[in-house]
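Read the figures in this text as sums done on the coordinates, not as results from a lab. Not measured: the values here are computed from a predicted model. Note: ideal-geometry Cβ built from the backbone for every residue, glycine included; neighbour counts use all protein chains shown.
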Amino acid sequence: MKTRSNTTARSQRKLNYAYGLILFLLALTGFAQMPIFKRYYIADIPGLGWLAEFYTTHFLHYLGAAAILAIAAYFAAEFFLVTRKYRRLSASGGVRAAILLGIIVSGILLVIRNTFFVPFSPQVVIVLLLAHLGLTMAFLLVLLYCRLAGKPWTVPRHEEAQS
Amino acid sequence: MSESISRRSFLKGGIAAAGSAAALAVPSVAAAGNSGDGQLATLLDIRKCIGCGACVEACRETNGHKFPEPEKPFPKMYPSRVKVEDWSDKRHVRDRLTPYNFLYIQHAEVEVNGGKETINIPRRCMHCVNPPCVNLCPWGAARQYKNGISRIDYDLCLGGSKCRNVCPWSIPQRQTGVGLYLDIMPSFAGNGVMYKCDRCYERVARGKKPACIVACPANVQKIGPRNEIIREAHEIAEEIGGYIYGETENGGTNTIYVSPVPFEDLNSAIEKGAGRPHLAPADNAMDKAENLTAAMLIAPFAGIAAAAVKTYSFINKSGQAGKDKGEAS
């Protein structure tokens, strides 16, 4: 049983690392959609030249988006199927989930606009682009705060009774 | 040539645009899909072009009110690698695309039917069916109308020139010292406004033809629903044993050229470079990202399936552990 728990914990850790890495890739390639990395010499750093190639960063952003959709769906499904019996979403976890949902929804709408015949007005596109960027920046700030303050996504159910 | 688009063409492709562009602030202006359905395309039969430049002059006259009036001196740019692009003292330039010249004529000395001939090719924005300049603009300053026109909103553009970088023909041209960036952080972000042909979107919205088409004394260009323009281009090409450019380039454009000589010959003969677009093949720039859309559709289901498998395994193992414990006691 101990072995099983260790295996589960290791898998969870790996998944958490993957989630962090994908978030980093998404943030990096997302900011690379603005023409800033070349202007500010970041793309001049050996190995980072690809950050100035818009089609490369756009492709990687889509790739990261597919991965984050899979991981977010996995975490959400796991929470609703199993975890919520023992743990509940913390306040900071709820804020993070809501912001992430906003980023995902605005991103999906932008992909739909880029790929299919969907008549979004220019005003809606501007709102989506600014929402996607603004929510990402908010998410990164909240993540940093939660990391520094040691705020978990979920807390045990019994803490609910105590609080 | 009549200044109005035919009733049929107008009804087929222009109504949405007419309503939309007449009131650009309302949401009826729409992005168009990959198929090009409902988009208006132009056909340029370059055999007919005499290179008189009437289209260029008509374009400058009609669109003159859009030309930039930059504030000088320009803000000092940081870092220093950010170069000023100033065409305000070179407004007269007509042999390339500039913020003051949305259309120019390329000349190609080529062999036609055994003899040397000069082919003249009017060049401007190709108005792609699925334009990367619009899709990849980080601020939504570039937009596409349902009638296939792609346009840069000069009030919103920050002049980062990403549109020029992602355009297979590097069409948009920058003018420093003008636009929204001056009100934000002019030294550190943005560098002016990008300019290009908007196919006279206000005129098209009123059911009129773009100025370059009306002004042409040789009837080089015509405008109409994309499928009809493509059909006509093929008929001409078949009749003269000619070649077509713009139908499939970058996944399809709304500017279709028909030539009596192969476009690779024309491409070799024209002067190319900054503001002087090529006539080479152009792959669909958005293709790779679009292919990932399917992966995005599948991804959430894969995540849910993985969680379901894990849950099933967890329940099974818990049940088995309970059973083992019961047997042991």
Exercise for review: Could you give log10 I(q)/I(0) at q = 0.05, 0.08 Å⁻¹ for the protein assembly as shown, computed by the Debye formula over C-alpha point scatterers of equal weight, without solvent?
Suggested key: -0.26, -0.59
Check your understanding: So what's region A:87-163 giving for Cα Rg divided by 2.2 N^0.38 Å, two decimals?
Key -> 1.44
Practice item. Using only Cα atoms, find the angle between the long axis of helix A:122-149 and the longest principal axis of chain A, and express it within 0 to 90 degrees, rounded to the nearest 10. Key: 40 degrees
Revision key, fill the gap. Between the modelled labels at B:LEU297 and B:SER268 (7 Å from Cα along Cα→Cβ) the distance in nm is 4.4 nm
Revision key, fill the gap. Projected area averaged over all directions for the convex hull of the alpha carbon atoms of chain B, nm², comes out at 25.5 nm²
Review point. In degrees between 0 and 90, to the nearest 10, how far off the longest principal axis of chain B does helix B:226-240 point, with axes built from Cα atoms?
Key: 50 degrees
Review point. Computed over the Cα atoms of chain A, what is the ratio Rg over Rh, Rh following Kirkwood?
Key: 1.03
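Using alpha-carbon pairs under 8 Å, 6+ residues apart, how would you state the relative contact order of chain B in percent?
On the way: 613 pairs, mean separation 80.4, N = 329.
It comes to 24 percent, rounded to a whole number.
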Check your understanding: In Å, what is the Rg of the alpha-carbon atoms in region B:126-181, and how long is Dmax?
Key -> 10.7, 32
Review point. Between A:ILE45 and B:ASP183, what is the label-to-label distance in nm when each label sits 7 Å out along the Cα-to-Cβ direction?
Key: 3.5 nm
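How big is D, in µm² s⁻¹, for region A:39-124 by Stokes-Einstein at 20 °C and 1.002 mPa s if Rh is the Kirkwood radius over C-alpha pairs?
Details: Rh = 16.0 Å.
Taking Rh from Cα pairs, D becomes 134 µm²/s.
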Review point. Counting only residues 5 or more places away or on other chains, whose amide H sits under 5 Å from the amide H of B:THR255 once H atoms are built in the peptide plane?
Key: B:THR42
**Study point:** Those GluC sites (Glu not before Pro) in region B:207-300 that DSSP places in a loop and that have at most 13 other beta carbons within 10 Å
**Key:** B:GLU271
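Using the structure shown, select from B:LYS90/B:LYS196; B:LYS146/B:LYS288; A:LYS14/A:LYS151; B:LYS146/B:LYS208 the pairs with a Cα to Cα distance greater than 18 angstrom. The partial results should precede the final answer.
Numbers: B:LYS90/B:LYS196 16 Å; B:LYS146/B:LYS288 24 Å; A:LYS14/A:LYS151 20 Å; B:LYS146/B:LYS208 16 Å.
Flagged as over cut-off: B:LYS146/B:LYS288; A:LYS14/A:LYS151.
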Revision key, fill the gap. The ³J(HN,Hα) series, computed from each phi in region B:155-165 with the Karplus coefficients 6.51, -1.76 and 1.60 at θ = phi - 60°, rounded to the nearest Hz and given as x for glycine or proline, is 7, 9, 5, 9, x, x, 6, 4, 4, 5, 5
**Study point:** Approximate spin-label separation A:THR83-A:TYR17, in nm, with each point projected 7 Å along Cα-to-Cβ
**Key:** 1.9 nm
Check your understanding: Which FRET efficiency value, to the nearest 0.05, do you get for B:GLU111 and B:ASN219 by plugging their Cβ-Cβ distance into 1/(1 + (r/R0)^6) with R0 = 30 Å?
Key -> 0.75
Point to revise | Amide proton proximity set for B:TYR104, modelled H, under 5 Å, gap of 5+ | key: B:ARG123
Practice item. Please report, to two decimal places, log10 I(q)/I(0) for region A:1-81 at q = 0.12, 0.19, 0.21, 0.22 Å⁻¹ as given by the Debye formula with identical point scatterers on the Cα atoms and no solvent. Key: -0.48, -0.83, -0.92, -0.97
Check your understanding: Given springs between every Cα pair under 10 Å in a Gaussian network model of chain A, which of A:ILE126, A:ILE103, A:ILE45 has the largest fluctuation?
Key -> A:ILE45
Point to revise | Long-range HN-HN contacts of B:ASP153 with modeled amide H, under 5 Å | key: B:ALA142, B:ARG143
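Would you compute, from DSSP H runs of 4+ residues alone, the mean residue ellipticity of chain B at 222 nm, taking -39500 (n - 2.57) per run and dividing by the full residue count, rounded to the nearest 500? Don't jump to the answer; show the numbers that get you there.
Values: 9 runs with 101 residues, N = 329.
That calculation yields -9500 deg cm²/dmol at 222 nm.
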Practice item. Could you work out which residue, out of B:PHE263, B:PHE67, B:PHE314, moves most in a Gaussian network model of chain B, that is, has the largest mean-square fluctuation with Cα springs under 10 Å? Key: B:PHE314
Review point. Can you give the FRET efficiency for A:HIS158 and B:VAL84, using 1/(1 + (r/R0)^6), R0 = 60 Å, r = Cβ-Cβ distance, to the nearest 0.05?
Key: 0.40
